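The values are calculated or read from the model by the stated rules, or taken from the named source; none is laboratory data. Please read these numbers as outputs of a predicted model, since none were measured by experiment. Glycine gets a Cβ as well: all are built from the backbone with ideal geometry, and neighbour counts include every protein chain shown. Heads up: the accessible areas ignore ligands, DNA and RNA and are worked out on the full protein's heavy atoms, side chains in. Shrake-Rupley method; radii C 1.70, N 1.55, O 1.52, S 1.80 Å.
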Amino acid sequence: MARRRKNRTHLKGAGAAAQHANDGAPKSFIIKHGQVGSSVTQLVRDLRKVMEPNTASRLKERNRNKLKDYLTMAPTLGVTHLLALTVTDVAPSLRIIRLPAGPTLSFRVERYSLMKDILKTSRSSRSMGMEYLTAPLVVLASFPPPSPETPPHLPLLMKSFQSLFPPLSPNSLSLSNCRRIVLIAYNPDRGTVDFRHYVITVKPYGVSKRVRRVLEGAPKKTSTNPSSGFLDLGNEKDVADFLLRKRGEPGPGTDGYESAASSASSAAGDDGDAVSLADDYVGRNNKKGQKKAVRLSEVGPRMELRLIKISEGVPGKEGAVLYHEFVKKSKAEAAALKASHVAKERLRKQRREEQESNVQRKKAEKEQGSRKNQEDSDEEVSDAEADESGQEAHDEWDEDEEISEVGGSDDEHSDEQGSDEEESEDEPEKRRPTKKVRIRGKR
């Protein structure tokens, strides 16, 4: 049997084009560090849900992982923002870090509600799924306009929240991709920032709730609603009783039926609440050019944040403090602090340059040593080759010499032969007599 090829995780066609189009979108890590409870852990999961699809939804934190590990690893993965949640003695704390060079914004979480708490209190439950395939739209509300009287930290706060989400491009933005909204509202009375998360819904305009049920279709069969996906008209004598009767009335009365305009449950009361769709939108009968009522359904999480501090750099390499909620410094103290940070940065840069120069020097020494060793080995090889060539020349000279001796006069040869014969005659005289070997026979 042939092995099935795995291709579900590969982007093809429109998916690949969308991936390439979102390459410039900001990416984020949302983590918890330190000892936190189950509520803060769930808040981390909810925030990851809000930041989808441009965040690591399945990021696993371990107890041995430090904040420095994420700061070192995130830039290599193309992550632009790090949101770190922890618990202090006063309240939970949230830090928004712009990677790789800062700034760092520190918030105190005054109050928060989880996603499950918001859904329990809402009258209509929302499905969680298709809305999170696209990034949400960010809306900044109640921030003061830029002016000389505006506190200098508020524009930086606005830009920090804007940079968390992809920028809007009206020319290329599709209406069907606008599914969620993140509302960042500034409260000047309390000096806090409210964080809200909504899902955009489109309803028919100018009709009652019962008519909307006919237009949109009955709710699907679920565990809480065991009935099928059809309207139940078994107890109604006429369809008008279902469409026009007020809630709780047994039948039509003297005042007549409820009209769509006077219905308290109608989707919109006047023309100012309706919008004309510029393009086809998700849902049933949401076509281009139709008038629809737009509603926002809150799905959570909900947070009330208080800005504590804005500092340059990242944790571990923090620079000057740009803003602090509780610590105020005079101009002289601020100048002295800035000078100390400049001196520290100069010293850090000097040490870095010294370290780089030392590394280059050691590399040069190592290369020089390896080159010298190579030259010494080459000299040894050349000496060995010279010795071998000299030995070969000496051997050739000895062979010539032997040949010259062999090629001598016949007299010398005869004398040498005679001497050899004399030595051979003397040898038998010097030899000892051999012992007799006794051979015993069998008796």
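Of note:
- Members of Lys66/Lys317; Lys27/Lys309; Lys68/Lys328; Lys27/Lys159; Lys49/Lys116 lying beyond 20 Å, as alpha-carbon distances in this model show: Lys27/Lys309; Lys68/Lys328
- Cα gyration tensor shape for segment 22-173, rounded if a/c is under 1.5, else prolate or oblate: rounded
- Summed residue charge, Cβ within 15 Å of Ala334's Cβ, Lys/Arg positive, Asp/Glu negative: +3
- Other residues within the sphere of radius under 14 Å centred on the Cβ of Arg351, judged by their own Cβ, net out at +2 (K and R +1, D and E -1).
- Segment 327-333 - phi-based ³J(HN,Hα) in whole Hz, Karplus 6.51/-1.76/1.60, Gly and Pro as x: 9, 10, 10, 6, 5, 5, 5
- Taking the Cα atoms of segment 286-335, the ratio Rg/Rh between the radius of gyration and the Kirkwood radius comes to 1.40.
- Expressed per residue, the C-alpha convex hull volume of segment 268-367 stands at 310 Å³.
- For Thr150, solvent-accessible area (1.4 Å; no DNA, RNA or ligand), Å²: 20 Å²
- Here's the picture: charge each Lys and Arg Cβ at +1 and each Asp and Glu Cβ at -1 in segment 61-154, and of Leu67, Ala141, Gly102 the one pushed furthest to the positive end of that dipole is Leu67.
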